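A short worksheet on the structure shown next.
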Amino acid sequence: MTQWQTIAGESVAGGNVTHVMPINDLKEHTFNAGCWCSPQLDEEHRAVIHNSADNREAFERGERMPS
């Protein structure tokens with residue numbers, strides 16, 4: 001089972017955002033938009049969505065199956 005965490009983070013355009021980050025990923029993430037994973041800002045939900053190094057998103061979306 002893959003896991004994600006939400007953490008209050010940096011201010012963006014005058015307000016706080018929440019970071020959605022993978023737990024126990026292959027690489028450690030930083031709590032900012034400059035993280036190595038090139039996270040995307042979801043302006044509607046004021047969230048920075050990080051990408052995982054282990055590609056768990058593809059499994060969760062059904063694009064990949066366990067081998």
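All of the numbers you see were taken from the coordinates with simple rules; none came from a lab. The shown structure was predicted, so the numbers you read here are calculated from the model rather than taken from an experiment. Don't worry about glycine lacking a Cβ; one is built from the backbone with ideal geometry, like all the others, and counts go over all protein chains shown.
Here are the numbers for this structure:
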{"item": "Relative contact order (percent, whole number), region 6-60, Cα cutoff 8 Å, 6+ residue spacing", "result": "31 percent"}
{"item": "Computed label-point distance, nm, for sites THR30 and ILE49 using a 7 Å Cα→Cβ extension", "result": "2.3 nm"}
{"item": "Length released on extending from THR18 to MET65, taking residue separation times 0.36 nm less the Cα-Cα span", "result": "14.0 nm"}
{"item": "Inter-label distance for GLN3 and GLU57, nm, one decimal - labels placed 7 Å from Cα along Cα-to-Cβ", "result": "2.1 nm"}
